[in-house]
Amino acid sequence: MKLLFVADPLDTFKTHKDSTFAMMREAASRGHELWACEPQDIVWRRGEVVQASSRRITLTGDAIDWYEEQEVANMALASMDGVLMRKDPPFDPEYLYTTHLLTQAEREGAKLFNRPQALREHPEKLAILEFPLHIAPTLVTRDMDAIRAFHAEHRDIILKPLDGMGGMGIFRVRDDGLNLGSIAETLTNNGQQTIMVQGFLPAIVDGDKRVLLIDGEPVPYALARIPQGGEVRGNLAAGGKGVAQALSDSDWAIARHLGPILAARGLLLVGLDIIGDRLTEINVTSPTCFQEITDQTGWNVAQRFVDALEAAIARQQRQ
């Protein structure tokens, strides 16, 4: 099969931990042809189909110079057997515009994973609002008085922007309310930008767990990202320590509830973030942690993903 990965620049990949690289390596081991492009390479013009200036690559096995470019060509997305949208956040206007181009490609027959409409409809922090029974006390607002009232009720809270990633812009305000006004004013841009406010979850000391769903089925191991050095953030990008562990009973319950719902919407790969027994995010843009889980447990996440990808492509080909 010919697979096109829409991703960040290949030269920025950290191959020892990059999940897109793990997908590529597994797909290549099965003889699939690898192509790559960046969102800005995707073009549509009237009278033609959505195309991308794409690079066909092969893997070298080297950790640094990990790929060789075989050719560059303008490829119709519909000519590929599968197109994987793996661009990292932020979910900004350019990301949104890319999903619209991908939807047009889908109309032309391209097979997209995850589906662009589903990407648009599941912003990673706001998607949890559909499942209130599983989440912590949560407020979404840009109103300063509402934020102060939420703090007065819950006393220990987390404030975060809606478009952040890797723990960027996350603040904790404790019972004393120190700097609440300044933090809220900064994050909301003086009431111009909506943010999320949540009750602090003490279970963060045991890690912010990444639970992967592949075609609706949970991977049996999570990666608990444990805060280090007094940090409140467990994100690996913020210095958290990643420890793989078997799913807890509450992890299984949340994953089995959400899995079939999200898969039916065209989300082949989803990363649930869970602290304790509370769902905090639903990651759909470029869920990670494949290699960390595999390295620590021996459970081959990339193998399971490519199995599911091949099956999903075959289903669409039969339709």
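The values are calculated or read from the model by the stated rules, or taken from the named source; none is laboratory data. Everything quoted here is computed from the prediction, not taken from an experiment. Note: ideal-geometry Cβ built from the backbone for every residue, glycine included; neighbour counts use all protein chains shown. To get the accessible areas, we keep the full protein, side chains included, count just its heavy atoms, and leave off ligands, DNA and RNA. Shrake-Rupley method; radii C 1.70, N 1.55, O 1.52, S 1.80 Å.
From the list 193, 245, which residue is open to solvent by 40 Å² or more (accessible area, probe 1.4 Å) and part of a strand (DSSP E or B)?
So the residue among 193, 245 that is open to solvent by 40 Å² or more (accessible area, probe 1.4 Å) and part of a strand (DSSP E or B) is 245.
Would you tally the residues in the range 244-275 being within 21 Å of residue 168 (Cα to Cα) and not charged (D, E, K, R)?
Within the range 244-275, residues that are within 21 Å of residue 168 (Cα to Cα) and not charged (D, E, K, R) number 5.
Suppose the filter is part of a helix (DSSP H, G or I), touching a residue at least 24 places away in the same chain (Cβ under 8 Å) and on the phi < 0 side of the Ramachandran plot; does residue 91 pass it?
no
Could you run through the range 145-176 and say how many residues are touching a residue at least 60 places away in the same chain (Cβ under 8 Å), open to solvent by 30 Å² or more (accessible area, probe 1.4 Å) and in contact with a strand residue (DSSP E or B) (Cβ under 7 Å, 6 or more places away or on another chain)?
2
I'm checking my understanding of the structure. Among residues of the range 196-211 that are β-branched (Val, Ile, Thr) and in a helix (DSSP H, G or I), which one is surrounded by the most Cβ atoms within 10 Å (Cβ to Cβ)?
204
Can residue 270 be described as touching a Lys or Arg at 6+ places or on another chain (Cβ under 9 Å) and part of a strand (DSSP E or B)?
Criteria not met by residue 270.
Collect the residues in the range 105-131 that are open to solvent by 40 Å² or more (accessible area, probe 1.4 Å), in contact with a strand residue (DSSP E or B) (Cβ under 8 Å, 6 or more places away or on another chain) and without any contact (Cβ under 8 Å) to a residue 60 or more places away in the chain, keeping them in residue-number order.
Within the range 105-131, 106, 108, 129 qualify.
Among the residues of the range 278-298, which ones are touching a His at 6+ places or on another chain (Cβ under 8 Å) and either open to solvent by 20 Å² or more (accessible area, probe 1.4 Å) or outside any helix (DSSP H, G or I) (or both)?
278, 279, 282, 284
So, in the range 22-42, of the ones that are part of a strand (DSSP E or B) and touching a residue at least 40 places away in the same chain (Cβ under 8 Å), which residue ends up nearest to residue 101 (Cα to Cα)?
It comes out as 42.
For the range 201-217, which positions are β-branched (Val, Ile, Thr) and either within 15 Å of residue 245 (Cα to Cα) or out of contact with any helix residue (DSSP H, G or I) (no Cβ under 6 Å at 6 or more places or on another chain) (or both)?
Answer for the range 201-217, where residues must be β-branched (Val, Ile, Thr) and either within 15 Å of residue 245 (Cα to Cα) or out of contact with any helix residue (DSSP H, G or I) (no Cβ under 6 Å at 6 or more places or on another chain) (or both): 204, 205, 211.
Would you confirm whether or not the range 78-90 contains a residue that is open to solvent by less than 30 Å² (accessible area, probe 1.4 Å), in contact with a Pro (Cβ under 9 Å, 6 or more places away or on another chain) and closer than 23 Å to residue 44 by Cβ?
Looking for residues that are open to solvent by less than 30 Å² (accessible area, probe 1.4 Å), in contact with a Pro (Cβ under 9 Å, 6 or more places away or on another chain) and closer than 23 Å to residue 44 by Cβ, one finds at least one in the range 78-90, hence yes.
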